[in-house]
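Chemist: Sharing a structure, written as C-alpha cells. Questions coming.
Every number in this text was worked out from the coordinates using simple rules, so none of it is lab data. All values reported here derive from a predicted model rather than from experimental measurement. Using ideal geometry, Cβ is built from the backbone for each residue, glycine included, and neighbour counts are taken over all protein chains shown.
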Amino acid sequence: MPDRPLKLHLLRAILRRYDVWEDPSRGKGSHTMFFRRVAGSVFSYPIPTHGDEVQRQYVRGCRKRFQLTEEYGVSDQEFYG
C-alpha cells in the first residue's frame with residue numbers, strides 16, 4: 001500500500017502511536033511542526049494544516065524523516081493500521 005493523503009487528525013493519531021509529538025507554536029503560518037526522538041536525536045518535520053487533507057508527499061516525507069518506513073521495520077499496513 002503506497003503512501004496516501006490523510007486527514008490531519010488521522011495523521012496525528014497515527015504519529016502519536018510512534019511517540020511523535022506536535023508543537024503547533026513552532027510552525028510557520030499554516031504549518032505545524034511534528035517531532036520524534038530517534039537514536040538520541042530529535043528530528044522535526046513541518047506539515048501544512050490548510051486544506052482538507054495532508055498531501056501524500058508530506059505523509060511520505062514524514063515517514064522517512066521519522067524512520068517509520070519498511071526500511072526501518074514499520075510496514076505500510078502497520079503504519080496505516
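Chemist: Determine, for Lys28, Lys64, the number of other Cβ atoms within 10 Å of each Cβ, and report the residues in order from fewest to most.
Modeler: Ordered by Cβ neighbours within 10 Å, fewest first: Lys28, Lys64.
Chemist: Something else now. Based only on the alpha carbon positions, what is the Kirkwood hydrodynamic radius of the chain, in angstrom?
Modeler: In the chain this quantity evaluates to 12.7 Å.
Chemist: Here is a follow-up. Just need the relative contact order of segment 8-80 here, percent rounded to a whole number, with Cα pairs under 8 Å and 6+ apart.
Modeler: Normalised by residue count, the contact order of segment 8-80 is 22 percent.
Chemist: Given a Förster distance of 25 angstrom, what is the FRET efficiency for Thr69 paired with Phe35, based on the Cβ-Cβ distance and rounded to 0.05?
Modeler: Efficiency for this residue pair is about 0.90.
Chemist: Return the distance in nm (one decimal) between the two label points of a simple spin-label model at Gln55 and Asp19, each offset 7 Å from Cα along Cα→Cβ.
Modeler: 3.2 nm
Chemist: For each of His31, His9, count neighbouring Cβ atoms within 10 Å of the residue's Cβ, then give the residues from fewest to most.
Modeler: His9, His31
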